[in-house]
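Peer 1: The structure is given below, and queries will be raised subsequently.
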Amino acid sequence: MRFNTNTISRERINSLIKSILVILFIFCVASVFAQPNDSLQINNLKRTIGIGPMGDIFIIQFGQKISIKDELIIGASYTNPVIINVIQYPGTEQIFTLELAYRRYLWKNLHLELQFDPQYFNCRDTVESKTYNGFGLTPEIRFGYRFDFKIKRIPLSFNLQWFAGYHLINPKPKSFQEVDGGSFYISPIPMFFFGYRF
């Protein structure tokens, strides 16, 4: 997604996105503490372990329901350097990510999720023959639906999510940022997770 920098400066866009993320974070935290006591009565299946194979990105997550409508998630992901084949960077990018998220169920299994990803980047720019390493921080907003089902009485799930994110701290070299559009991104395809509920 590209913005017209002639009408809106990049600094104003960055400030606006940061403000929106802070407001969403405050809303999510407030909604956790504003839960009535009766909402803490959860059914027996309040935990989920999920995996998300996304081409060259491998994700594993653990979710713990804290009320009927609220869930906390912790996970880890690894981005294989072969992702160059998808994004076509002038080099390779390897990312190790810790995923920390709060998910709010809006209606049945329709949910909105706010995720914070501390990351470690290792980028190899083949044009400049340089390696760039560094830590990054990326909040993401995800919107999706979790489909629950059973196979031979085993409770499983399939979670489909669309997402957008913003690199608050972006250690990628300029040549990489020019290819992927810089700090703000929207996924053109949804991500998915297969899960086991227990």
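What follows draws every value from the coordinates through simple rules; no lab data is involved. Nothing here was measured: the structure is a model prediction, and the numbers come from that model. As a convention, Cβ positions derive from the backbone with ideal geometry for all residues, glycine included, and neighbour counts pool all protein chains shown.
Peer 1: So for each of 160-170, 185-195 I average, over its residues, the number of other beta carbons within 10 Å; can you give me the resulting order with the highest mean first?
Peer 2: Details: 160-170: 16.9, 185-195: 14.8.
By packing density, highest mean first, the sequence is 160-170, 185-195.
Peer 1: List the residues whose amide H sits under 5 Å from the amide H of Glu128, counting only those 5 or more places along or on another chain, with H placed 1.01 Å from N in the peptide plane.
Peer 2: Here the answer is none, since no amide H 5 or more places off falls under 5 Å of that of Glu128.
Peer 1: Also, quick follow-up: If I model a spin label at Gln177 and Phe96 as a point 7 Å from the Cα along the Cα→Cβ vector, what separation in nanometres do I get?
Peer 2: 2.4 nm
Peer 1: Treating the beta-carbon of each Lys and Arg as +1 and of each Asp and Glu as -1, no other charges, what is the dipole magnitude of segment 49-197 about its Cα centre, to the nearest 20 debye? Please list the in-between numbers first.
Peer 2: Working: 15 positive and 13 negative charges, 164 e Å.
So the magnitude is around 780 debye.
Peer 1: Along the charge dipole of segment 49-197, pointing to its positive end and built from +1/-1 on Cβ of Lys, Arg, Asp and Glu, which listed residue (Phe192, Leu98, His167) has its Cα farthest out?
Peer 2: Farthest towards the positive end: Phe192.
Peer 1: A further question on this structure: May I ask you to list the lysines whose Cα is less than 17 Å away from that of Lys46, ignoring any residue fewer than eight positions away on the same chain?
Peer 2: Result set, ordered by chain and number: Lys65, Lys69, Lys108, Lys150.
Peer 1: For Lys172, go through the aspartates and glutamates and keep the ones whose alpha-carbon is under 16 Å away, minus same-chain ones fewer than eight residues off.
Peer 2: Straight-line reach from Lys172, under 16 Å: Glu93, Asp117, Asp125, Glu128, Asp180.
Peer 1: To continue, here is another question. Looking at segment 75-184, which trypsin sites (Lys or Arg not before Pro) are in a loop (DSSP not H, G, I, E or B) and have at most 14 other Cβ atoms within 10 Å? Working shown, then result.
Peer 2: Working: sites: Arg103, Arg104, Lys108, Arg124, Lys130, Arg142, Arg146, Lys150, Lys152, Arg153, Lys174; in loops: Lys108, Lys152, Arg153.
When the trypsin sites (Lys or Arg not before Pro) of segment 75-184 are filtered for loop state and at most 14 Cβ neighbours within 10 Å, Lys108, Lys152, Arg153 remain.
Peer 1: Among Ile154, Leu72, Phe176, which residue has its Cα furthest toward the positive end of the charge dipole of segment 49-197, with +1 on Lys/Arg Cβ and -1 on Asp/Glu Cβ?
Peer 2: Comparing the listed Cα positions along the dipole, Ile154 ranks first.
Peer 1: Continuing with this model, one more query. When N is the residue count of segment 49-197, what does its C-alpha Rg come to as a fraction of 2.2 N^0.38 Å? Could you put the intermediate results ahead of the total?
Peer 2: On the way: Rg = 16.5 Å, N = 149, 2.2 N^0.38 = 14.7 Å.
For segment 49-197, the normalised Cα radius of gyration comes out at 1.12.
Peer 1: Can you give me the relative contact order of segment 41-198 as a percent, contacts being Cα pairs under 8 Å and 6 or more apart?
Peer 2: Numbers: 404 pairs, mean separation 32.4, N = 158.
Reported as a whole number, the value is 21 percent.
Peer 1: Further question on the same structure: Report the dimensions of segment 121-163 along its three principal axes from the alpha-carbon atoms, largest first, rounded to Å.
Peer 2: Taking max minus min along each principal axis of the Cα atoms, segment 121-163 gives 54, 24, 18 Å.
Peer 1: State, to one decimal in nm, how far the label point of Ile74 lies from the label point of Leu160, with both points 7 Å from Cα in the Cβ direction.
Peer 2: For the pair Ile74/Leu160, the computed spacing is 3.1 nm.
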